[in-house]
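The values are calculated or read from the model by the stated rules, or taken from the named source; none is laboratory data. All figures in this text were calculated on a predicted structure; none of them were measured in a lab. Cβ sites come from the backbone with ideal geometry, for glycine too, and all protein chains shown count toward neighbours. For accessibility, only protein heavy atoms count, side chains too; no ligands or nucleic acids. Shrake-Rupley method; radii C 1.70, N 1.55, O 1.52, S 1.80 Å.
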Amino acid sequence: MHTILIFGAGKSATVLIDYLGRCCDENNWSLLVCDSNLDLAESKVKKFSSARAISVNVSNDDARCSLISDASLVISMLPPTLHFIVAKDCVDYSKSLLTASYLDASIKSLENEIQEKGLIFLSEMGLDPGIDHMSAMKIIDTIKKEGGKIKSFKSHCGGLIAPESDDNPWHYKITWNPRNVVMAGSAGAIFLENNQTVKIPYKDIFKDENNSVDIPGLFPLAWYANRDSMSYIDTYNLHGVSDFIRTTLRYPSFCKGWNKIVALNLTNADDHEIIMECNTFESWFNLKKHILLEEKKATVNEDSFFDTEFLEQIDFLSMRSEEIIPQGKNNSADILQFLLEKKLVMKPDDKDMIVMLHEIEYIINGHPKKISSCLIVKGDNDLYTSMAKTVGLPLGIAAKLILQNKIKLTGIHIPVIPEIYEPVLKELAENGIQFTEEEFSL
């Protein structure tokens, strides 16, 4: 009898646990969900006879190893920095591992041992990365099989608030790791445009308000470039294209406001000494405002910078309130994260929304064409979110297919090959996660 072990029972694991709970009940398998918060884990598994919750500190080597040694397959929903300690144990105890996180150098360093033991380590098996890879590669492979040559690839994805639940001036609510929201774009970006490599520094990531796409059934959305798009040219085997970019989607007002948040240096995690005398949110904000206006007085007009829309946004976050900054929030990034988590929280009946769009231009039989492939998924509430659906279902489906021996690969993989993306996309469509494609002549 197979046992699936999941580390982490947070927001993004809800639908994953539901899916695998049903699978285990149907197949007489066992599901073990491990989280430091036992009440949380128990709340996620209580409706499944085959599932059990347990509380273990993942840093406890003996407890962690005991769990992994008894499992058939492991899924890590832990923060990416903790994946490697789980991965190392999985190699030691000959267990396959799945994550939704980016494949990094530490996991790659285990490649020889993984291959020698006949294991599969499947990374980037969530939404973005994950569904984006699978849906894009299906189109790319189809075009190539038909004799087409791809000239331009643009892929956009965003976790947004659905229009019916959009009730704040940021047009955004947190459905993912709030720290990632605070630090978004901080590494800058690099992509290919008109055969030229374009590098964008952090201070300019959210700057261009003209970066927008039209989504069928929605008003235009803004995009900002993701970190390193260039590395995926190799991954997708798209050498020779003139454009290659992967982006994140937001409502335009968010990008406009966040550009000013960055300019004010409110995402700085290393400014403790500067703000140590700030007791209230207002004093913190005013200090940052003063520094900006002093440093940029030649280029920043105070009236236009602090326009009505931006003042509404910062006041919604209570940045100009006299409330005392909580203890332990001793840098700007921590303070900002605290305010975001407090003010941009989803209400119980709120619905979030995933939007993904691939724009692919190609030439076939001498004719230029374009494919637009769009996915829109809405959540049910603040627990069963579209983010949880689109992150959790690919992982759950892949885990089931591996245990059923329908995915027979070994080694380290991300889902860019037909053996993975074909069966997973098929079942995702059966669960309502399906793209709408349109083809145009250019």
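Pairs from the list 351/426; 173/347; 207/351; 199/296; 207/289; 296/329 with a Cα-Cα gap above 20 Å: 351/426; 207/351; 199/296; 296/329.
Comparing 192, 43, 336 along the charge dipole axis of the chain, the residue lying farthest to the positive side is 192, per the Cβ-charge model.
Solvent-accessible surface of protein heavy atoms, probed at 1.4 angstrom with all chains present, puts 361, 124 in the order 361, 124, largest first.
Gain on full extension, evaluated as 0.36 nm per residue between residue 293 and residue 93 minus their Cα-Cα distance, stands at 66.2 nm.
Shape index of region 1-85: Rg/Rh, with Rg the Cα radius of gyration and Rh the Kirkwood radius from the inverse mean 1/r over Cα pairs, equals 0.93. Taking only the Cα atoms of region 85-173, the radius of gyration and Dmax are 18.7, 54 Å. Taking the charge dipole of region 294-376 about its Cα centre, with +1 at Lys and Arg Cβ atoms and -1 at Asp and Glu Cβ atoms, the residue from 368, 310, 358 reaching farthest to the positive side is 368.
Gain on full extension, evaluated as 0.36 nm per residue between residue 363 and residue 176 minus their Cα-Cα distance, stands at 63.5 nm.
Surface calculation, 1.4 Å probe, protein heavy atoms: residue 203 sits at approximately 130 Å² accessible. Computed as a quarter of the hull surface, the mean projected area of the alpha carbon convex hull for region 271-321 stands at 3.8 nm².
With a Förster radius of 30 Å applied to the C-beta separation of residue 202 and residue 66, the computed FRET efficiency comes to 0.10.
Each eigenvalue of the Cα gyration tensor of region 199-286, multiplied by 5 and square-rooted, gives one semi-axis; in descending order these are 33, 19, 9 Å.
Note: region 334-373, Cα convex hull, 96 Å³ per residue. Only protein heavy atoms count here; on that basis, with a 1.4 Å probe, residue 413 has an accessible area of about 40 Å². For region 297-302, backbone phi angles converted through the Karplus equation (6.51, -1.76, 1.60; θ = phi - 60°) give residue-by-residue couplings of 4, 7, 10, 10, 8, 4 Hz, Gly and Pro being listed as x. At the listed q of 0.34 Å⁻¹, the Debye profile of region 168-210, built from one uniform point per Cα, gives log10 I(q)/I(0) equal to -1.12. Between the labelled values [x] 4, 20, 30, 25, 13, 6, 1, 0; [y] 4, 19, 28, 22, 14, 8, 4, 1, 0; [z] 4, 19, 28, 26, 16, 5, 0, the entry that holds P(r) over Cα pairs in 10 Å bins from 0, in percent as derived from this structure is [z]. Rounded to the nearest Hz, the phi-derived 3J(HN,Hα) couplings of region 173-179 under the Karplus curve 6.51 cos²θ - 1.76 cosθ + 1.60 (θ = phi - 60°) are 9, 7, 10, 9, 4, x, 5, where x marks glycine and proline. Entry note, the chain: the mean residue ellipticity at 222 nm calculated from DSSP H runs of n ≥ 4, each adding -39500 (n - 2.57), is -11000 deg cm²/dmol after division by the residues and rounding to the nearest 500. Rounded to the nearest Hz, the phi-derived 3J(HN,Hα) couplings of region 234-242 under the Karplus curve 6.51 cos²θ - 1.76 cosθ + 1.60 (θ = phi - 60°) are 5, 4, 8, 6, 10, 5, x, 6, 8, where x marks glycine and proline.
The residue among 206, 219, 232 whose Cα reaches farthest toward the positive pole of the charge dipole of region 194-234, with charges on the beta-carbon of Lys, Arg, Asp and Glu, is 206.
Shape class of region 300-370 from the Cα gyration tensor (axes a ≥ b ≥ c, square roots of the eigenvalues): prolate, since a/c reaches 1.5 or more and a/b is larger than b/c.
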